[in-house]
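Below you'll find the structure, written out as structure tokens, and then a few comments.
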Amino acid sequence: MYIHHITRKTIFAALAVLAVPAAAIACPAGDSSATRTASATTVASTSCPRGWGSLPEANSRMVQSPITNVRTGRHACFDRLVVDLRGRAPGYDVRYVRNVYSDGSGFLVPLRGGAKIQIIVRAPAYDAYRTTYRPANQRELSNVAGYRTFRQVAYGGSFEGQTTIGLGVRARLPFRVFTLAGPGSNSRLVIDVAHSW
């Protein structure tokens, strides 16, 4: 056998074959799930959005697009509240308050949680002919049992072209507010409240 006639390609192939058992010895099968879990935890914690705050966020634009629904969802880094509208995206005023009060009447909107967020949607929950959003239970617009941050979502009413929603949360945590177009000619107001600072 003449060793000096072995090509580089053959040497690389031999090294690759020897590397597979070496990798199996260096990282036993029992440890791979722990490595994957630690790796997934690192990715999850580093991929959470940053730069949110707890100061008021507002946009003064008033629209006649009626509210049609209020819904919530859970995400890895935050809980989300979505207000669906039929038409253009509304303005808003979202802020932490001591208490939330009903539009028009001024009655207290009781909320569970260590902190309260008042959400004023600059759009009505009615159109020229009828009410477009009538929750079955004004004290519980969505079932948030089991959510990490949300404790209660309550309806504060709709009066003179704007609608108030109370959001009880676990503590004063950072949030963000934005609007989305669609589906179709509809729009959505989105409020995300983070699980932690």
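Each reported figure results from applying straightforward, stated rules to the coordinates on display, with no laboratory input. Since the model is a prediction, treat every value here as computed from it, not as a measurement. As a convention, Cβ positions derive from the backbone with ideal geometry for all residues, glycine included, and neighbour counts pool all protein chains shown.
The stretch between residue 145 and residue 107, if pulled fully straight at 0.36 nm per residue, gains 11.2 nm over its current Cα-Cα span.
Scanning residues 5 or more positions from residue 152 or on other chains, those with amide H under 5 Å from its amide H are 168, with H placed 1.01 Å from N in the peptide plane. Taking 0.36 nm per residue of separation and subtracting the current Cα-Cα distance, fully stretching the chain between residue 58 and residue 186 would add 44.0 nm. If Lys and Arg each add +1 and Asp and Glu each add -1, what is the summed charge of the other residues whose beta carbon sits under 9 Å from the beta carbon of residue 81? Here the count lands on 0.
Inter-part distance, the stretch 159-176 to the stretch 92-126, computed on C-alpha centroids, equals 6 Å. Taking the dipole about the Cα centre of the stretch 77-197, with the C-beta of Lys and Arg at +1 and of Asp and Glu at -1, give me whichever of 126, 77, 137 is farthest to the positive side. The Cα lying farthest towards the positive end belongs to 77.
The gain in end-to-end length when the residue 178 to residue 136 segment is fully stretched comes to 12.5 nm, 0.36 nm per residue minus the alpha carbon separation.
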